[in-house]
Amino acid sequence: MIILGIDPDVDKSGVCILDNGRIVLLKSMMIPELLLTLTDLHINAIVAIEDVEQRKATFKRQNMNAGQMQKIAQNVGMVKGAARQLNVLIKHLGYDPRLVPVGVGKQVKKDAELFKRVTGYTERTNEDTRDAWAIANYIYNEVKNG
């Protein structure tokens, strides 16, 4: 079972490919490279993408001024736009993307050492790629456990 997990972003999305739960690809990709990767899989994969539509555009945080909050709102809006476009393109390629709740794998996303211990993956990662793994792993476990 091949699962491609995507943490959408405007510039480079985190991408993870699992083959029966084992990481075979983990990297950040621009949208054209991601689409080529999906084309190469020949629809033999389950595609999972973070459901960023669940995320609010603005949220109140302590010690944050209006400019900082506006910047967060803009960034979230750009990610939502990228996710919408990715969903359209993924469907155009013949896949039926599964939406994964925001926040899945929050611990491994923020902690590279924990990610290494959990996965055994020792190469360099970033928050986006670790999040992509959590998204793919969520669907892998969902499918595996029926």
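Among Q54, N141, I43, whose Cα sits farthest toward the positive end of the charge dipole of the chain (+1 at Cβ of Lys/Arg, -1 at Cβ of Asp/Glu, about the Cα centre)?
Farthest towards the positive pole: Q54.
Please list, in chain and number order, the residues 5+ apart from I46 or on another chain whose amide H is under 5 Å from its amide H, with Hs placed from the backbone.
I2, I3, L4
May I ask you to list the aspartates and glutamates whose Cα is less than 18 Å away from that of K109, ignoring any residue fewer than eight positions away on the same chain?
In chain and number order, the partners are D7, D9, E50, D51, E123, E127, D128, D131.
Report ³J(HN,Hα) in whole Hz for each residue of the stretch 105-122, in order, from the Karplus equation J = 6.51 cos²θ - 1.76 cosθ + 1.60 where θ = phi - 60°; Gly and Pro get x.
x, 3, 5, 6, 4, 8, 10, 4, 5, 4, 4, 4, 5, 6, 9, x, 7, 10
For L99 and I43 in one chain, what is 0.36 nm times their gap in residues minus the Cα-Cα distance, to one decimal in nm?
Values: separation 56, 0.36 × 56 = 20.16 nm, distance 1.70 nm.
Gain on extension, L99 to I43, equals 18.5 nm.
May I ask for the longest run of the chain untouched by trypsin sites (Lys or Arg not before Pro) that are loop-located per DSSP and have at most 16 neighbouring C-beta atoms (other than their own) within 10 Å?
Working: sites that count: R55, K56, K60, R61, R124.
Longest run free of exposed loop sites: 62-123.
Choose one of P101, T129, M29: the residue whose Cα lies farthest towards the positive end of the charge dipole of the stretch 2-144 (beta-carbon charges +1 Lys, Arg; -1 Asp, Glu; about the Cα centre).
P101
Starting from 0.36 nm per residue, how many nanometres of slack lie between T122 and Q85 once their C-alpha separation is accounted for?
Numbers: separation 37, 0.36 × 37 = 13.32 nm, distance 3.19 nm.
The span from T122 to Q85 would gain 10.1 nm if fully extended.
Could you tell me what percent of the DSSP beta bridges with both partners in the chain are antiparallel, to the nearest 5?
Working: 13 of 20 bridges.
Around 65 percent of the beta bridges assigned by DSSP in the chain are antiparallel ones.
Can you tell me how much longer the chain between E53 and L25 gets when fully stretched, taken as 0.36 nm per residue apart minus their C-alpha distance, in nm with one decimal? Please list the in-between numbers first.
Numbers: separation 28, 0.36 × 28 = 10.08 nm, distance 2.58 nm.
Length gained between E53 and L25: 7.5 nm.
For K144, give me every one of the aspartates and glutamates with a C-alpha distance below 15 angstrom, ignoring sequence neighbours fewer than eight places off in its own chain.
Cα-Cα hits under 15 Å: D19.
Pairs of Cα atoms under 8 Å, at least six residues apart: use those to get the relative contact order of the stretch 75-146, whole percent. Display every interim value, and only then the final one.
On the way: 35 pairs, mean separation 19.5, N = 72.
Normalised by residue count, the contact order of the stretch 75-146 is 27 percent.
Given charges of +1 on the Cβ of Lys and Arg and -1 on the Cβ of Asp and Glu, with all other atoms neutral, how large is the dipole of the chain about its Cα centre, in debye to the nearest 20? Could the numbers behind the result be given before it?
Values: 20 positive and 17 negative charges, 108 e Å.
Charge dipole of the chain: 520 debye, to the nearest 20.
I'd like the Karplus ³J(HN,Hα) series for the stretch 134-140: coefficients 6.51, -1.76, 1.60, θ = phi - 60°, whole numbers in Hz, and an x wherever there's a Gly or Pro.
Once rounded to whole Hz, the list reads 4, 5, 5, 5, 4, 5, 4.
Coordinate-derived values only; no laboratory data. In this text, all values refer to a predicted model and were calculated from it rather than measured experimentally. Neighbour counts are summed over all protein chains in view; Cβ atoms, including those assigned to glycine, are modelled from backbone coordinates with ideal geometry.
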